[in-house]
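Asks: Quick one: structure below, then a few questions.
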Amino acid sequence: MRQENKRTGWIDICKALAIYCMVLGHTGTSRQISTVIHVFHMPVFFVLSGYCFNEIKNSNMLAFIKKRFLTLIVPYFIFGITLFMFWDAALFVLHRKEEMRSISNLMTSILWNNANASAFGVVQWFLPCLFFSEIIFGALLKISKNIFYLSGGILFLSICGYLIPLALEMRLPWALDCALMATAFYALGWISKKTLILEKISELIKNRRAICWFIIIVVSIAMLPSVFYNGAVNMRTVTYGNYFLYIVNAVVYSFLIILVSMLLEQMLNHNAVCDMLERIGRNTLVVLLLNSTCVRVYEVLFGSLLEKFSETVVFVVNGIVAVIITIAYVLMSEFINKYCPCLIGKRKVLNCGERNSNTI
């Protein structure tokens, strides 16, 4: 197999860390940790997606749109409709019919306001958001004559993504307002690949692990005042606080977790832990789509029991549960890949070493 088709280990490790942070945020953690997690756990996915974007391979925009429709929008509809039916059936069995949603609610949520939808929609917003981000970036790349014009267009769109929800006091369909902001992170990932900056960093940190960990810790702590001053942010709800602080914090922490991933890849040296992290990173789509459902079931079954314990105990338990949920859905994802890949927009099973631009 050609070298360029091999997956990059640190990318999968970074995806594994980011998806775990997302699951942990859903299971429940302290307000401070949740605030930090929301700064980077979605932006870094867009950075990685942009890094994996191949403008030569995807030069045909119509073919690219069709491919991404299959891998992003098809799972969006399949899982969205399935989870809607699951939750209505569960509410019926639990004799909570007043909470059941109508078909019109499904159509409104899945076709329009998916970012503020109920349990089946609050995570799926990411898929059309990434879909639009890739199309927007691809189009800008086609019409931009140089990096200056491209950067100007990206900056303009991100400002629009920040201002439009504030000005209109309403959401754009299919998280398109999120996509305008996310395109900036996507572009940053692509620029990082074109300038080879991440490859240079990966080479630079070899045999300098101690000082790299020191830098990560120092920078992480040094940025905390900026993070907490800006307050809780959430890309899904277009809650950004100060525009410049949000961008700076998201970029810094996204690259810090990328640096952590590079260090882990080098330190673990393809041992069992490294293999598990990469395995998780290759199968984040199903974790993304289904983890909130599992978390809600967990809350229903054990919520009253956990109330008897201290917050510290609950946070530790939730952290362990987040690990279990992540691994369980990775196993489910591998089952789907093997027996019914069409559910996640694939025609065939990808070889474990095959590199795919879809970083979900």
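Asks: Any idea which residue in region 242-265 is nearest to the chain's Cα centre (by Cα), counting only those that are surrounded by fewer than 17 Cβ atoms within 10 Å (Cβ to Cβ) and free of Cβ contacts under 8 Å to residues at least 24 places away in the same chain? Give the derivation first.
Replies: To start, the set of residues in region 242-265 that are surrounded by fewer than 17 Cβ atoms within 10 Å (Cβ to Cβ) comprises 242-244, 248.
Subset that is free of Cβ contacts under 8 Å to residues at least 24 places away in the same chain: 242, 244, 248.
Values: Asn242: 22, Phe244: 21, Val248: 18 Å.
Here the answer is Val248.
Asks: Go through region 192-218 and count every residue that is open to solvent by 50 Å² or more (accessible area, probe 1.4 Å) and assigned to a helix (DSSP H, G or I). First the steps, then the outcome.
Replies: Taking region 192-218 first, the residues open to solvent by 50 Å² or more (accessible area, probe 1.4 Å) are 194-197, 199-201, 203-204, 206-211, 213-215, 217-218.
With assigned to a helix (DSSP H, G or I) added as a condition, the list becomes 194, 197, 199-201, 203-204, 209-211, 213-215, 217-218.
Selection size over region 192-218: 15.
Asks: Oh, and also: Taking region 113-139 as the region of interest, how many residues are under 16 Å from Ser49 (Cβ atoms), part of a helix (DSSP H, G or I) and either open to solvent by less than 30 Å² (accessible area, probe 1.4 Å) or at pLDDT below 90 (or both)? Don't jump to the end; show me each part of the working.
Replies: Pass one, region 113-139, residues under 16 Å from Ser49 (Cβ atoms): 125-139.
Still in the running and part of a helix (DSSP H, G or I): 126-139.
With either open to solvent by less than 30 Å² (accessible area, probe 1.4 Å) or at pLDDT below 90 (or both) added as a condition, the list becomes 126-131, 133-134, 137-138.
Selection size over region 113-139: 10.
Asks: Kindly indicate the residue of region 65-74 that is open to solvent by 10 Å² or more (accessible area, probe 1.4 Å) and in contact with a Leu (Cβ under 9 Å, 6 or more places away or on another chain) and also farthest from Leu196 (Cα to Cα) among those meeting that condition. Spell out how you get there, then give the answer.
Replies: Let us first name the residues in region 65-74 that are open to solvent by 10 Å² or more (accessible area, probe 1.4 Å), namely 65-67, 69-71, 74.
With in contact with a Leu (Cβ under 9 Å, 6 or more places away or on another chain) added as a condition, the list becomes 71, 74.
Working: Thr71: 27, Val74: 33 Å.
Per the criteria, the residue is Val74.
Asks: Restricting region 16-31 to residues that are more than 11 Å from Val287 (Cα to Cα) and not small (Gly, Ala, Ser), which is farthest from the chain's Cα centre (by Cα)?
Replies: Arg31
Asks: I'd like the full set of residues that are assigned to a helix (DSSP H, G or I) and more than 18 Å from Leu176 (Cα to Cα), limited to region 222-245.
Replies: Step one: filter region 222-245 for residues assigned to a helix (DSSP H, G or I), giving 222-230, 243-245.
Hits for region 222-245 are Ala222, Met223, Leu224, Pro225, Ser226, Val227, Phe228, Tyr229, Asn230, Phe244, Leu245.
Asks: So which pairs qualify, if the first residue must be in region 89-102 and more than 14 Å from Val300 (Cα to Cα), the second must be open to solvent by less than 100 Å² (accessible area, probe 1.4 Å), the Cβ gap must be under 6 Å, and the two must be at least 6 apart or on different chains?
Replies: Going by the 6 Å Cβ cut-off, the qualifying pairs are Glu99/Leu91; Met100/Asp88; Met100/Leu91.
Asks: Provide a single number: the residues in region 31-64 that are surrounded by 13 or more Cβ atoms within 10 Å (Cβ to Cβ) and part of a loop (DSSP other than H, G, I, E, B).
Replies: Within region 31-64, the first condition is being surrounded by 13 or more Cβ atoms within 10 Å (Cβ to Cβ), and the residues that meet it are 33-55, 58, 61, 64.
Those still in the list that are part of a loop (DSSP other than H, G, I, E, B) too: 41-42, 53-55, 58.
Selection size over region 31-64: 6.
Asks: Just give me the residues in region 34-71 being within 30 Å of Phe244 (Cβ to Cβ), in contact (Cβ under 8 Å) with a residue 24 or more places away in the chain and hydrophobic (A, V, I, L, M, F, W, C), in sequence order. Please lay out each step first, then the result.
Replies: Of the residues in region 34-71, the ones within 30 Å of Phe244 (Cβ to Cβ) are 34-53, 55.
When the remaining residues are screened for being in contact (Cβ under 8 Å) with a residue 24 or more places away in the chain, the result is 34-36, 38-40, 42-53, 55.
Answer for region 34-71, where residues must be within 30 Å of Phe244 (Cβ to Cβ), in contact (Cβ under 8 Å) with a residue 24 or more places away in the chain and hydrophobic (A, V, I, L, M, F, W, C): Val36, Val39, Phe40, Met42, Val44, Phe45, Phe46, Val47, Leu48, Cys52, Phe53.
Asks: Hey, could you check region 273-291 for residues that are of a type outside the set (D, E, K, R) and within 25 Å of Leu204 (Cα to Cα) and say which is surrounded by the most Cβ atoms within 10 Å (Cβ to Cβ)? Steps first, please.
Replies: So in region 273-291, the residues of a type outside the set (D, E, K, R) come out as 273-274, 276-277, 280-281, 283-291.
Filter once more, keeping what is within 25 Å of Leu204 (Cα to Cα): 273-274, 277, 281.
Details: Val273: 12, Cys274: 19, Leu277: 23, Gly281: 25.
The qualifying residue surrounded by the most Cβ atoms within 10 Å (Cβ to Cβ) is Gly281.
The values are calculated or read from the model by the stated rules, or taken from the named source; none is laboratory data. Every value quoted in this text rests on a predicted model; they were computed, and no experiment measured them. We place every Cβ from the backbone using ideal geometry, glycine too, and count neighbours over all the protein chains shown. Each accessible area value is taken on the protein alone, full model and side chains, heavy atoms only, with ligands, DNA and RNA left out. Shrake-Rupley method; radii C 1.70, N 1.55, O 1.52, S 1.80 Å.
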